[in-house]
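K.L.:
One structure, pasted below without further comment.
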């Protein structure tokens, strides 16, 4: 899951893992809501063009996996005597929404959504990898390794699906633009103790 494999242009700030480990309750709470939103986002895309059989077939298992991840994060919270608490504003995803190209055909709109989902999965995968390698809690380390592998698969699936709905070279060009924009967003965001992204 190295940077060049994921395509991310800017690695996570190295301070993040230390901040995350010291505030693991807050990170787990935010992570739980991220998984919930990931499942909801897939459902949205799933309903986008319901007549596309392959799209539905590919996304339905991802919805189930993301919801399963949400349940597993809840288990980690419970084991540690923590409670879910309230959802937080996801500044990272809000900024990503601002780089989506509006208008165009339904196919183009679908590809934009698939690429944003791929990007979120790639960034989550990168952060899971950091937690797997760096966090002192062995149980959480294994937990994040398993999620890293899953998110890497989702990332690849979203990119592959996008290339089925527009010419691959157009998708690749747009993907590179999105990666550059995401790096700018990452530079602008404060490293927070209560946010997974």
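K.L.:
Between residue 44 and residue 88, what is 0.36 nm times their sequence separation minus the Cα-Cα distance? Round to one decimal in nm. Before the final figure, lay out each step's value.
P.N.:
Values: separation 44, 0.36 × 44 = 15.84 nm, distance 2.05 nm.
So the chain would gain 13.8 nm between residue 44 and residue 88.
K.L.:
I'd like the Kirkwood hydrodynamic radius of segment 52-131, using the inverse of the mean 1/r over distinct C-alpha pairs, in Å. Display every interim value, and only then the final one.
P.N.:
Values: mean 1/r = 0.0655 Å⁻¹.
That comes to 15.3 Å for segment 52-131.
K.L.:
Please provide three numbers in whole Å: the alpha-carbon extents of segment 14-99 along the principal axes, with the largest listed first.
P.N.:
Over segment 14-99, Cα extents along the principal axes are 46, 32, 24 Å.
K.L.:
When a/c is below 1.5 the answer is rounded, else prolate if a/b is larger than b/c, else oblate, so apply that to segment 133-193 with a ≥ b ≥ c taken from the square roots of the Cα gyration tensor eigenvalues.
P.N.:
Oblate, because a/c is 1.5 or more while a/b does not exceed b/c.
K.L.:
Just want the ordering: 158, 44, from fewest to most Cβ atoms lying within 10 Å of their own Cβ. The partial results should precede the final answer.
P.N.:
Numbers: 158 26, 44 12.
Listing 158, 44 from fewest to most nearby Cβ atoms yields 44, 158.
K.L.:
OK, next. Report, in deg cm²/dmol and to the nearest 500, the calculated mean residue ellipticity at 222 nm for the chain, where each DSSP H run with n ≥ 4 adds -39500 (n - 2.57) and the sum is divided by the residue count.
P.N.:
On the way: 8 runs with 149 residues, N = 197.
Here the helix-only value at 222 nm equals -26000 deg cm²/dmol.
FYI, it's all coordinate maths here, none of it is from the lab. None of these values were measured; they are calculated from a predicted model. Glycine also receives a Cβ, built like all others from the backbone with ideal geometry; neighbour counts cover every protein chain displayed.
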